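Attaching a single structure in structure tokens format; questions to follow.
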Amino acid sequence: MKIKADILLLLAGLLLITLLFGLNLLIGDVHIPWSDITTLLSGGEVEQKTWSYIVESRLNRSVAAVFSGAALAVAGIILQVYFRNPLAGPGVLGITSGASLGVAFVILGGAGAASIAGGIGIIAAGIIGAMAVLALLMFVSRFVHNPVTLLVLGLMFGYFTSAIINVLFLWANLDDTREYVLWGLGSFEGISTENLIVLVSVIGLFLLMAVFLIKPLNALVLGSEYASSLGVNLKTTKLLVISITGVLAAVVTVYCGPISFIGVAVPQLVRILWTSKNHTVQIPAVIILGAILALLSDITVRLSGNSLPLNTVTALIGAPVIIYTIIKLNKRLA
Amino acid sequence: MLELKDITVAVGERRLFAVKSLVLQKGMIALVGRNGSGKSTFIRTILGEHADFSGTVLVDGKNPESLSALQKSRLVSVVYSRPRIFGNHTVLDVLALGRLPYQNLFSKISAADLHVIDQMAGLLKIKDWYAKSFNVLSDGEKQLVMIGRALVQDTPLLLMDEPAAFLDVVNRFELSVLLKKIADETGKLIICSTHQLDRVEKDCDGVLLLADEELKLLTDSSNFLKTINASFGIS
């Protein structure tokens, strides 16, 4: 067990997050010197008054990227181990689609995200949608044992929910439809400080709760029968899996849109890079790598002058990892 | 260690088997019966996972249904027929999973854990395999590691549900000899369901025979085969 190398890798990851975070504050159409950025961050004032808004917006999207990337990656590793499926993730299993459907009902129903009732309603609807899909998946997974079949089912949930959303468009007015379509492209841009506080505190809380899944996940790699014989309470575990992955995926989806590929790809990369199989190491590792990939994606989006949608960038990174996994999976099954 | 009193086990409408009284302390016990006679259900009943029965089951004096999963995991360990793992674990990683019931929230492996792992791996002569990847082992080797994992769990009772189902003739022979050795050296009670009868008289201290809706304990080792064959109607 090369514990030392694993810890060094975690520290290197933290360092990289800090660097990328700083870079994301620095780059942009408006050139703001680093000294002015630090002055603004520590609450001081600079000559150019408008710069404070620019720095605030860059800071917000960077924080949103770090927490969203971490949340999606943790949801991904939990789902992969629980379903014993290297292709599982909040996006491919249709959990973000469930959250999207909830969001669609609220936005297209006329309550804008800006109003307070709309804000709370959207979060609640997103979480309900995500958990409903999860509960359905857990029920179906009793009868489905082939990993690829479960994936296809998730994709079908996704198509089904987008079909329902398209039907909802029929009744929605043009502004609501536009708001929904823009949201659906996925972006860390434009999140308000109030919403960011909600995102950070909810994700922070549920990432902490993942501590209670460390031992169950360690045991579940052997399957649920063995896990039970190793002292894992399967009912409690199931409830924890539904609530943690459901809330994490839903909160990200509500504020940043349905972001694909980070949830599936990050756990795969962690399995390659880190040696320890203990989720005490693997969960922090996916948090760090998830944050890094999300920041990298956001930096790419910004370097393109905000013209590339976030999901295009995550697909460029994530899709090759998934293809590699499917090839590896087929070798093992053959 | 294991006590059954006035047990009748059923699956839905169908009565599987009954036993008046059965007490087992230690040793290697083979669980023999035809397909569908209730071997797996017997194992699940002891684990407290099959509730459709009447009578009393006591594991170490306690009713397994009233124990938490954690309490049970320190009394009973299990080996199933098909070893599968999700992830690229090494043999040492798999063996270490057996220590889970004794670990804190973060599953840190202590020096005491490593000591138990070394001891059991030594008994099975698989210490050289620690760094090997579990997924590249042969079926026989995998099953040996899974038995090692169950031993590392350090429980007085080991239940095995056809552990040799996917093993070849040589591996079956070696497993049978090994289980007897483990039972003798550790003083544990091992109950192992099997269809392989050629070694029962040499390697088993007793046979639990499931036939004609009854569970009987045979203890006269020189007559195991004769009695089993007679109850199956083959000679």
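Residues that are assigned to a helix (DSSP H, G or I) and in contact with a Cys (Cβ under 9 Å, 6 or more places away or on another chain): does the stretch A:68-88 have at least one?
Scanning the stretch A:68-88, I find at least one residue that is assigned to a helix (DSSP H, G or I) and in contact with a Cys (Cβ under 9 Å, 6 or more places away or on another chain), so the answer is yes.
(1) modelled with pLDDT under 90; (2) surrounded by 15 or more Cβ atoms within 10 Å (Cβ to Cβ): which one isn't true of residue A:314, the others all being true?
So residue A:314 meets the others, but not (1).
Could you go through the stretch A:43-61 and let me know if any residue there is under 15 Å from residue A:290 (Cβ atoms), part of a helix (DSSP H, G or I) and under 27 Å from the mean Cα position of the chain (by Cα).
Taking every residue of the stretch A:43-61 in turn, none turns out to be under 15 Å from residue A:290 (Cβ atoms), part of a helix (DSSP H, G or I) and under 27 Å from the mean Cα position of the chain (by Cα).
Assigned to a loop (DSSP other than H, G, I, E, B) and over 22 Å from residue A:78 (Cβ atoms): is that true of residue A:308 in this structure?
yes
Exactly one of (1) within 14 Å of chain B (Cβ to nearest Cβ); (2) buried (at least 24 other Cβ atoms within 10 Å of the Cβ) is unmet by residue A:253. Its number?
Looking at each condition in turn, residue A:253 falls short on (1).
All but one of (1) more than 7 Å from chain A (Cβ to nearest Cβ); (2) at pLDDT below 95 hold for residue B:84, so report the exception by its number.
It is condition (1) that residue B:84 fails.
So, one more: Pick from the stretch A:6-51 the residues that are among the acidic types (Asp, Glu) and surrounded by fewer than 16 Cβ atoms within 10 Å (Cβ to Cβ): which of them is farthest from the other protein chains (Cβ to nearest Cβ)?
A:47
Mind listing whichever residues of the stretch B:42-61 are of a type in the set (D, E, K, R) and in contact with a helix residue (DSSP H, G or I) (Cβ under 9 Å, 6 or more places away or on another chain)?
B:49, B:52
Of the residues in the stretch B:136-156, how many are touching a Lys or Arg at 6+ places or on another chain (Cβ under 7 Å) and either outside any helix (DSSP H, G or I) or surrounded by fewer than 17 Cβ atoms within 10 Å (Cβ to Cβ) (or both)?
Residues flagged as touching a Lys or Arg at 6+ places or on another chain (Cβ under 7 Å) and either outside any helix (DSSP H, G or I) or surrounded by fewer than 17 Cβ atoms within 10 Å (Cβ to Cβ) (or both) within the stretch B:136-156 amount to 2.
Taking residue B:9 and the conditions (1) over 25 Å from residue B:81 (Cα atoms); (2) surrounded by 18 or more Cβ atoms within 10 Å (Cβ to Cβ); (3) not basic (Lys, Arg), which numbered condition does it fall short on, given that it satisfies the others?
Only one criterion in (1) over 25 Å from residue B:81 (Cα atoms); (2) surrounded by 18 or more Cβ atoms within 10 Å (Cβ to Cβ); (3) not basic (Lys, Arg) is unmet by residue B:9, namely (1).
Given (1) under 30 Å from residue A:268 (Cα atoms); (2) free of Cβ contacts under 8 Å to residues at least 12 places away in the same chain; (3) in a helix (DSSP H, G or I), where does residue A:136 come up short, assuming only one miss?
(2)
With surrounded by fewer than 19 Cβ atoms within 10 Å (Cβ to Cβ), within 14 Å of chain B (Cβ to nearest Cβ) and touching a residue at least 24 places away in the same chain (Cβ under 8 Å) as the only criterion, which of A:54, A:3 stands out?
Checking each option against the conditions leaves just A:3.
Residues being modelled with pLDDT of 90 or more and more than 16 Å from residue B:214 (Cα to Cα): count how many of those fall in the stretch B:4-55.
9
Residues in the stretch B:211-220: is at least one closer than 29 Å to residue B:148 by Cα, among the acidic types (Asp, Glu) and surrounded by fewer than 16 Cβ atoms within 10 Å (Cβ to Cβ)?
Within the stretch B:211-220, none of the residues are closer than 29 Å to residue B:148 by Cα, among the acidic types (Asp, Glu) and surrounded by fewer than 16 Cβ atoms within 10 Å (Cβ to Cβ).
Next up: Restricting to the stretch B:9-23, name every residue that is closer than 17 Å to residue B:44 by Cβ and touching an Asp or Glu at 6+ places or on another chain (Cβ under 9 Å).
If the condition is that a residue be closer than 17 Å to residue B:44 by Cβ and touching an Asp or Glu at 6+ places or on another chain (Cβ under 9 Å), then B:9, B:10, B:11, B:12, B:15, B:16, B:17, B:18, B:19, B:22 are the ones that fit.
Can you find a residue that is surrounded by 16 or more Cβ atoms within 10 Å (Cβ to Cβ) and touching a Lys or Arg at 6+ places or on another chain (Cβ under 9 Å) anywhere in the stretch A:165-185?
No, every residue in the stretch A:165-185 fails to be surrounded by 16 or more Cβ atoms within 10 Å (Cβ to Cβ) and touching a Lys or Arg at 6+ places or on another chain (Cβ under 9 Å).
Quick check on this structure: which one of B:64, B:101 is touching a residue at least 12 places away in the same chain (Cβ under 8 Å), surrounded by fewer than 22 Cβ atoms within 10 Å (Cβ to Cβ) and under 23 Å from residue B:159 (Cβ atoms)?
One residue alone meets the criteria, B:64.
Quick check on this structure: which one of B:138, B:107 is within 14 Å of chain A (Cβ to nearest Cβ) and at pLDDT below 95?
Result: B:107 is the single residue among B:138, B:107 that is within 14 Å of chain A (Cβ to nearest Cβ) and at pLDDT below 95.
Residues in the stretch A:109-122 that are at pLDDT 80 or above and surrounded by fewer than 24 Cβ atoms within 10 Å (Cβ to Cβ): how many?
2
Restrict the check to the stretch B:116-124 and report whether at least one residue is out of contact with any strand residue (DSSP E or B) (no Cβ under 6 Å at 6 or more places or on another chain) and within 14 Å of another protein chain (Cβ to nearest Cβ).
For the stretch B:116-124, residues out of contact with any strand residue (DSSP E or B) (no Cβ under 6 Å at 6 or more places or on another chain) and within 14 Å of another protein chain (Cβ to nearest Cβ): present.
In this structure, does residue A:101 turn out to be within 30 Å of residue A:226 (Cβ to Cβ) and either in contact (Cβ under 8 Å) with a residue 60 or more places away in the chain or touching a helix residue (DSSP H, G or I) at 6+ places or on another chain (Cβ under 9 Å) (or both)?
No; evaluated as a whole, the condition is false for this residue.
Could you tell me whether the stretch A:163-185 includes any residue that is in a loop (DSSP other than H, G, I, E, B), at pLDDT below 90 and on the phi > 0 side of the Ramachandran plot?
No - not one qualifying residue is present in the stretch A:163-185.
Considering only residues that are under 15 Å from the mean Cα position of the chain (by Cα) and buried (at least 17 other Cβ atoms within 10 Å of the Cβ), look in the stretch A:201-239 and name the one that is nearest to the other protein chains (Cβ to nearest Cβ).
Here the answer is A:210.
Residue check, residue B:128 against (1) surrounded by fewer than 17 Cβ atoms within 10 Å (Cβ to Cβ); (2) more than 29 Å from residue B:71 (Cβ to Cβ); (3) modelled with pLDDT under 95, all met but one. Which one?
(3)
The values are calculated or read from the model by the stated rules, or taken from the named source; none is laboratory data. The structure presented is a predicted model; accordingly, all values stated were derived computationally and were not measured. Note: ideal-geometry Cβ built from the backbone for every residue, glycine included; neighbour counts use all protein chains shown.
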